[in-house]
Amino acid sequence: MVLAAAVGLVTAIAAPAAQATAGTVTQIGNVPVSTSVAITTRTCSATAIANNAALKNLRVTVYSENDLVNSLFEKGSTTTDSQASVMKLVTSVVATKVLGNNYRFTTKVYATKKTGTIVIVGGGDPTLSSAGKTVYPGAATMKTLARQIKSWAIKKKVKIKRIIVDTSAYDSANLKGPWDNADIKVGYVSRISALMVDGDRAVSTSRTSPRSSAPAKTAAAAFRSAVFSALNTSSTPKAVKVSKKSAISVSYGKVAKKAAIASVSSQPLSKLLTQMLPYSDNTLSEALAIRVTKTVTGKASYAQVNKAYHTVLSSLGIAAAGMHFADGSGMSKSDRMSTRFLARLVPIVYTNPSYSKIVSAMPVVGKVGTLASKSRFATSRSYSASRNDQIAAAKKRGHIVAKDGFLYGLLSLTGTLTAADGTRLYFSVVTIDGKFYRTSSGLKSYSSTYPMLDYLVSRFYTCGSNLAAYGS
């Protein structure tokens, strides 16, 4: 079966045959794979777990490193669904390809033809911080910009009277993705602007914090405060000193610029990935998606995200027919990906040195990021000894590296593991049940669904290359 057909199909297929003959070799992206290899009868079954009532509408695909065409295990693998935050893995791939690991968002301030008027030009940096107290360590700050502006003003003997905010790099000053407004108000994600500060969080040090309807306005206010604080000190010459914040006006637009007088840049993409993937930062992933979209299509618009992603994936030789990419974080319920597409994307990431920064930034079960929680891959007195043994073994020593996803009614997990027999497996799993609910504390509760999903993946670890096809 060729890759385009294998990834692009949207109808169910039968489980792989028990036997095949060794033959030709092709590639998926940069990964050489056998199109037909000897498949022995496999006897380690995960079917009973996959059929458990807790895993409603389960879709799953598992491949061995030895054969990326004939799956070890598939169920509903070509059905396309939202995959929640697993979408961030796709965003990491396209961002790395288009922008490069050394890419940095840059925010600049320019002098204008009118003395006393400066313009700040947003470069799309969602990590730009008001004062350095932030969830993004090493972020550029408004304070640094203000200090540079002060040095320039003193040198030129200019009193700053007006700030113009230029957000023209993006199609709108406050781009809203295809998410629920409640997600913005609660603080899971923000609108995206060419100029924003602290990811538009009301509390800069809190990952989940209410966001506004106008991040550019919030950032402009923070910038004016930083400039005023820098220019209202005892060491500031009288000709330059500003005694009242209200003496500096703020307006919005695009004007003719003279020389750049201040500039700050974000951490490189390689570092931003370590701030996005482990903690599933939605705003950072959306900012990267819009930056990629602008670079690829010339438009910074959510209407162009799908086109941009397909263009990049195609350039990488990754067939994605039938997939739909509505945003960068997976918050949108309109995203559509199959587990087969994702399970074939993972080995491309893990075998290509260009994506090594993605690999090192991924959550690790029991150790790193969102999968470090004690509630994931947890044993229980209510489980059988065999179940506990398999979960405990899978959780040890960072065997499972994956991106997890959640939307109300959906849980997903896509990644890789080194099985008990030493075989590397690539897998993607999603289960969909609209009955997931909030607890009184606002957290999510899934009764037996999370544990059963983790048990299924632990079974993949136990079985390794002996994992039996679904239904066998």
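The values are calculated or read from the model by the stated rules, or taken from the named source; none is laboratory data. Small disclaimer: the values here were computed from a predicted structure and weren't measured. Using ideal geometry, Cβ is built from the backbone for each residue, glycine included, and neighbour counts are taken over all protein chains shown.
For this structure, a couple of remarks:
- Selection from region 114-133 of residues that are modelled with pLDDT under 95 and buried (at least 19 other Cβ atoms within 10 Å of the Cβ): S130
- Unique match (being closer than 22 Å to S168 by Cβ, at pLDDT 95 or above and either part of a loop (DSSP other than H, G, I, E, B) or polar (S, T, N, Q) (or both)) among S270, S263: S263
- Those residues of region 88-113 which are crowded, with 20+ Cβ neighbours inside 10 Å and part of a strand (DSSP E or B), in sequence order: T107, V109, Y110, A111
- Qualifying positions in region 426-464 - modelled with pLDDT under 95, farther than 12 Å from L411 by Cβ and more than 26 Å from the chain's Cα centre (by Cα): S440
- Some residue of region 339-351 being farther than 30 Å from H399 by Cα and either of a type in the set (D, E, K, R) or assigned to a helix (DSSP H, G or I) (or both): no
- Region 197-215 residues that are modelled with pLDDT of 95 or more and of a type in the set (A, V, I, L, M), paired with ones that are surrounded by 14 or more Cβ atoms within 10 Å (Cβ to Cβ) and in a loop (DSSP other than H, G, I, E, B) (beta carbon under 6 Å, 6 or more apart): V197/L128; V197/S130
- Region 324-345, residues that are closer than 22 Å to L273 by Cβ and either among the aromatic types (F, W, Y) or out of contact with any Leu (no Cβ under 8 Å at 6 or more places or on another chain) (or both): F325, A326, D327, S329, S332, D335, M337, F341, A343
- Options A146, A182: the member that is among the small types (G, A, S), at pLDDT 95 or above and not assigned by TED's automatic domain parsing to the domain that holds Y355: A146
- Just one of (1) touching a strand residue (DSSP E or B) at 6+ places or on another chain (Cβ under 8 Å); (2) without any contact (Cβ under 8 Å) to a residue 24 or more places away in the chain fails for S235. It is (1).
- Any hit, region 286-296, residues being surrounded by fewer than 17 Cβ atoms within 10 Å (Cβ to Cβ), β-branched (V, I, T), assigned to a helix (DSSP H, G or I) and in contact (Cβ under 8 Å) with a residue 40 or more places away in the chain: yes
- Residue within region 73-87 that is in contact with an Asp or Glu (Cβ under 9 Å, 6 or more places away or on another chain), of a type in the set (D, E, K, R) and assigned to a loop (DSSP other than H, G, I, E, B) present: no
- Residue within region 48-58 that is touching a residue at least 12 places away in the same chain (Cβ under 8 Å), closer than 13 Å to L425 by Cβ and either in the same structural domain as R340 (by TED's automatic domain parsing) or part of a loop (DSSP other than H, G, I, E, B) (or both) present: no
- Qualifying residue in region 210-230 (condition: in the same structural domain as K159 (by TED's automatic domain parsing), of a type in the set (F, W, Y) and more than 33 Å from the chain's Cα centre (by Cα)): yes
- Residue selected from region 372-415 under the condition of a type in the set (V, I, T) and within 16 Å of S85 (Cα to Cα), by the criterion nearest to the chain's Cα centre (by Cα): T414
- So S354, is it in a helix (DSSP H, G or I), over 15 Å from the mean Cα position of the chain (by Cα), of a type in the set (S, T, Y) and in the same structural domain as P278 (by TED's automatic domain parsing): yes
- Scanning region 316-349 for residues that are at pLDDT 95 or above, in contact with a helix residue (DSSP H, G or I) (Cβ under 9 Å, 6 or more places away or on another chain) and of a type in the set (S, T, Y) gives S329, S338.
- For the criterion of being within 24 Å of A361 (Cβ to Cβ), of a type in the set (G, A, S) and not in a loop (DSSP other than H, G, I, E, B), A308 passes.
- Filtering region 172-219 to residues that are polar (S, T, N, Q), surrounded by fewer than 22 Cβ atoms within 10 Å (Cβ to Cβ) and part of a loop (DSSP other than H, G, I, E, B) leaves S172, N174, S204, T205, S206, T208, S209, S212, S213.
- Here the condition is being crowded, with 24+ Cβ neighbours inside 10 Å, modelled with pLDDT under 95 and outside the structural domain of S193 (by TED's automatic domain parsing); of L68, L72, it holds for L68 alone.
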